[in-house]
Amino acid sequence: MPAKTPKVADFSTHYSGPVASRQLVQLGADVIKVEGPRFGDGNRTLPPLTTAGDSINHLYLNIGTRSLTVDTRSEEWPEVVGAVARWADVVIVGNRPSAARKRGIDYATILEHNANTVYCMITGYGLEGPYADYPAHGLNMDVLAGTVPVEWEDGEPYPPASYRSIGTTLAGIQAALGVMAGLHRRDQGMGPQFVHVSIWEAALSWMWRDLSTFANVGEQWSIYREYGPRYCMYKGSDGEPILVCPMEEHFWHRFCDVLELPEEIRERGDWSGGTDFGAGYEGELEAIRERMAKRTAAEWNDLLAAADVPAALVLDWRQAMSSEHAHVNGAMLTYDYKDRAATIPTTPVSVLSDVSADASYEEIAERHRAKGSELAQPPDLGENSAEILEEIGLPHLIEKLAR
């Protein structure tokens with residue numbers, strides 16, 4: 001029996017709900033975005049824009065979806081909500097409970113239309129608590145979760161230039177995980193499912209190492225630059241940085257052999273716990289720095305890789321996305337959009353069917369590389385309204401909603 005394609009109705013706007021849909025559509029879901037007829041889901045006009053005036057957010061988040069437009073204030077809205085809910089396996093909303101009730105897309109109302117739905121609510125701060133009714137925008141939740149470092153310039157506070165909001169994206173990914181679990185439970189006969197994630201809690205969970213360490217021992221989690229010379233960045237003769245991580249005994253011995261470090265340094269180490277980061281060994285950091293300055297970072301990277309020692313050139317994201325490795329793994333997807341090409345990241349997961357036991361990893365990698373390549377281009381606002389209304393049993397509204 002062929003697998004059923006999950007049907008997803010996404011009523012959300014901006015980032016988190018669309019991120020969830022973005023994950024689900026690449027994993028094979030049929031996603032209808034229910035959008036307002038004026039601005040859509042909010043991602044269609046939000047900068048940054050391409051030179052042709054298209055939002056980068058729209059090019060990434062809306063690929064492979066279908067667009068149905070209807071005004072929440074129209075008399076047709078309740079009828080459309082009911083029909084979409086009956087069509088869908090999954091309903092995604094990105095509202096506080098009070099706002100969802102006002103729009104008629106709250107859990108109780110959706111269940112009246114579809115008693116076996118997987119209902120996913122993404123809130124800013126959760127369903128209860130002092131923050132629950134706060135109005136929410138992306139960085140608000142990160143700030144209240146403690147993930148945003150503050151940089152002071154001329155006595156004024158700023159978020160770091162390199163900071164990217166954590167909670168909005170992570171909440172969408174967690175929501176997609178919850179939806180998949182909800183579908184499995186529902187299909188096992190466990191009835192309707194309520195999936196909830198808050199952006200604030202998602203941001204907080206990103207700091208799990210810090211939270212767990214402080215909650216249990218009252219200390220800050222480890223600081224990478226304080227690990228020691230065996231988990232450290234060095235610069236090559238060209239001034240470029242490279243990270244080396246030979247903190248297990250076999251890696252350390254190979255590392256010392258490649259760098260031709262003195263025997264007394266090579267034989268240092270307390271391996272009773274499995275690792276030794278080299279902290280406190282006199283002269284070791286200086287000796288490694290001196291040796292690393294003899295060759296370029298790229299040369300050291302090749303030598304250490306050949307010796308099976310963990311090391312990595314320190315790239316920025318521009319170099320990473322343009323690398324041969326990104327190409328081989330299908331990390332970036334280029335597709336035709338209107339009269340030009342658009343390039344976006346793919347989601348990093350592929351789920352492959354019919355992989356035989358004797359399939360080579362090269363064959364599997366080739367299929368992984370093609371993930372997302374068959375997705376349709378992002379729809380124009382309302383582009384699919386007529387076909388969707390026909391599909392959900394509301395053909396009589398096609399002309400009316402097209403006005």
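Tabulated data for the structure shown
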quantity	calculated
Where the chain is the region considered: accessible area per residue in Å², 1.4 Å probe	56 Å²
Among 348-354, 92-98, the order from most to least packed when residues are scored by Cβ within 10 Å on average	92-98, 348-354
Rounded if a/c under 1.5, otherwise prolate or oblate - the stretch 56-143, Cα gyration tensor axes	oblate
Percent of Cα-Cα distances greater than 22 Å, calculated over the stretch 286-403	63 percent
Solvent-accessible area, 1.4 Å probe, carbon plus sulfur percent, for the chain	53 percent
Nearest 10 degrees, 0 to 90: helix 249-259 Cα axis against the chain principal axis	70 degrees
Sparse-neighbourhood loop sites, trypsin sites (Lys or Arg not before Pro) in the stretch 1-98 - DSSP loop, at most 15 other Cβ within 10 angstrom	4, 38, 73
Highest-MSF residue in the chain out of 284, 324, 153 [GNM, Cα springs under 10 Å]	153
Loop-located chymotrypsin sites (Phe, Trp or Tyr not before Pro) in the stretch 81-138, at most 16 other Cβ atoms within 10 Å (DSSP)	131
DSSP beta bridge pairing in the chain, given as percent antiparallel to the nearest 5	45 percent
Karplus 3J(HN,Hα) series, Hz, for the stretch 25-34 with 6.51 cos²θ - 1.76 cosθ + 1.60 (x for Gly, Pro)	5, 6, 8, x, 6, 9, 10, 9, 8, 8
Net charge contributed by nearby residues that have their C-beta within less than 15 Å of residue 198 (K/R +1, D/E -1)	-3
Choice from 343, 13, 296 with maximal GNM fluctuation in the chain (Cα, 10 Å cutoff)	296
Tail weight of P(r) past 41 Å, computed on alpha-carbon pairs of the chain, percent	30 percent
Phi-based couplings in Hz for the stretch 311-323 (Karplus 6.51, -1.76, 1.60; Gly and Pro marked x)	7, 7, 5, 8, 9, 8, 5, 5, 5, 5, 5, 9, 6
3J(HN,Hα) from dihedral phi, the stretch 54-64, Karplus parametrisation 6.51/-1.76/1.60, rounded to Hz, x for glycine, proline	8, 6, 4, 4, 5, 4, 8, 6, 9, 4, x
Residue-count net charge about residue 77 - beta-carbon cut-off 10 Å; Lys, Arg +1, Asp, Glu -1	-2
The stretch 24-72-the stretch 240-281 distance, computed between alpha-carbon centres (Å)	51 Å
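The values are calculated or read from the model by the stated rules, or taken from the named source; none is laboratory data. Owing to the predicted nature of the structure, the values given are computational and were not obtained by experimental measurement. Here the Cβ is made from the backbone with ideal geometry for all residues, glycine too, and neighbour counts use every protein chain on show. Note: accessible area is taken over every heavy atom of the protein model, side chains too, but ligands, DNA and RNA are not part of it. Shrake-Rupley method; radii C 1.70, N 1.55, O 1.52, S 1.80 Å.
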